[in-house]
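Notes follow once the structure below has been shown.
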Amino acid sequence: MAAGEYELALESFSRAALDQGMTTQVLTSLGTANLGLRRVGQAETLLRRAVENEPDWPVAWNNLGVLLMEKQEYPEAAQVFQRAFALDNGESDAIRDNLRLALAKMENPVNTTKQEQEYTLEQRGDGQFTLRKIQ
């Protein structure tokens with residue numbers, strides 16, 4: 001996924017699901033790969049299942065927050081990032097950056113230029129993703 005090869009990643013995670021079952025890590029990975037492919041509905045279903053399966057894993061919450069940002073659901077995204085941040089004890093820069101962005105979007109949800117609204121997924125360590133503005 002770090003190389004932007006979401007279709008290949010999806011195939012790999014699907015094989016992992018056959019081997020390991022639908023673990024929280026597999027659900028999160030499948031959801032994130034689907035988000036990278038802009039399959040938002042499928043991604044949301046998988047990521048919500050992941051946080052239900054393991055509600056104390058901050059990575060799944062962070063990636064769900066990224067999805068909610070993509071859908072411009074800023075208040076829920078901020079709540080999800082706050083939960084991820086608390087579960088991670090504030091140690092993740094990616095989660096902190098995502099939380100700041102969600103809070104800023106809640107304060108000023110309307111942007112006048114299209115470029116300010118375009119974001120890309122950027123992989124950080126341990127399967128966490130952050131949103132980065134496309135320059």
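Descriptive notes on the structure:
- In the set (1) assigned to a helix (DSSP H, G or I); (2) closer than 18 Å to residue 102 by Cα, residue 30 fails one condition alone, (2).
- Some residue of the stretch 89-101 being exposed (fewer than 15 other Cβ atoms within 10 Å of the Cβ) and part of a helix (DSSP H, G or I): yes
- Positions within the stretch 1-27 being among the acidic types (Asp, Glu), in a helix (DSSP H, G or I) and without any contact (Cβ under 8 Å) to a residue 24 or more places away in the chain, in sequence order: 11, 19
- Some residue of the stretch 66-73 being of a type in the set (S, T, N, Q), surrounded by fewer than 19 Cβ atoms within 10 Å (Cβ to Cβ) and over 29 Å from residue 104 (Cβ atoms): no
The numbers here are math on the coordinates, done by the rules we state, and not lab data. Remember, predicted model here, so these are calculated numbers, not experimental data. Ideal geometry is used to build each Cβ from the backbone, glycine not excepted, and the neighbour counts take in all protein chains shown.
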